[in-house]
Amino acid sequence: TDGNYTISFRIVDQESTALPYASSTANVSAAIKTTPPATTLAVESLSPEFDTVGPNNPLRINSSVTDPLATITTLNVTDQAGKTVFSWDLSAATGNGSYTIRRWNGTDQAGTNVDNGRYIITLTADDGVGNTDTTMTNVTVDTAVPDIEFSSLIRGTTSDETRYLNSSSTLDIT
């Protein structure tokens, strides 16, 4: 059971009789901790009308770790092959239950757009004595620039690639 304990040691002879010296006994305080840190992870789009991540639609990543010990906490974004594309060390900011907020916009550590696809956001906390907790969520990245084509213009005019419209114009875009 988790808790603080006192462990008593004594040196004995072959018949299990304690030796008559003061230095033959000692008490040591020890703490047993088997409970892992508690992690929470919530990911939300800053533009709720979009369901993918990209440079113009970053995510807000809310994370929290609760543990009585200082924790080693990391927040990672990995691709489907397991390669880390973005990472934060949250060790100094977590442990006491307060939320840490980070934003990610579909780029790697160098600021380059990552490939389109599914990514895993992972929050991991380690209390330093062997207890860990990990929370994960999946996100989809779409950094491709859409192709826009003007298919028809009714009651308007085009000059040098510029379309001029008025309130009665119709412009079809595909």
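The values are calculated or read from the model by the stated rules, or taken from the named source; none is laboratory data. Here the structure is a predicted model, which is why all the values come from computation and not from measurement. Here Cβ is always computed from backbone atoms with ideal geometry, including for glycine, and neighbour counts include all displayed protein chains. Heavy atoms of the whole protein, side chains included, go into the accessibility calculation; ligands, DNA and RNA do not. Shrake-Rupley method; radii C 1.70, N 1.55, O 1.52, S 1.80 Å.
In order along segment 135-151, the phi-based Karplus estimate (6.51 cos²θ - 1.76 cosθ + 1.60, θ = phi - 60°) of 3J(HN,Hα) comes to 10, 10, 8, 9, 9, 10, 9, 9, 9, 6, 6, x, 8, 10, 10, 8, 8 Hz; Gly and Pro are listed as x. Segment 111-142 and segment 53-102 have Cα centres lying 7 Å from one another. When the chain is treated as a GNM, springs tying every alpha-carbon pair under 10 Å, which of Val28, Val141, Val12 comes out with the largest mean-square fluctuation? Result: Val12 has the largest fluctuation of those listed. Tell me, what % of the accessible area of segment 58-158 is carbon and sulfur with a 1.4 angstrom probe? With neighbouring chains kept in place, the figure for segment 58-158 is 49 percent. Here the translational diffusion coefficient of the chain follows from Stokes-Einstein with Rh set to the Kirkwood radius across Cα pairs; for 4 °C and 1.567 mPa s it amounts to 61 µm²/s. Taking all protein chains into account, the per residue accessible area for the chain stands at 65 Å² (1.4 Å probe). For segment 1-83, GluC sites (Glu not before Pro) meeting the loop criterion (DSSP other than H, G, I, E, B) and having at most 10 other Cβ atoms within 10 Å: Glu15, Glu49.
If amide H atoms are built 1.01 Å from N in the plane of the peptide, which residues on other chains or at least 5 residues away come under 5 Å of the amide H of Phe86? So Phe86 has HN proximity to Val77. Contact order for the chain, expressed relative to its length and based on alpha carbon pairs under 8 Å spaced 6+ residues apart, stands at 19 percent.
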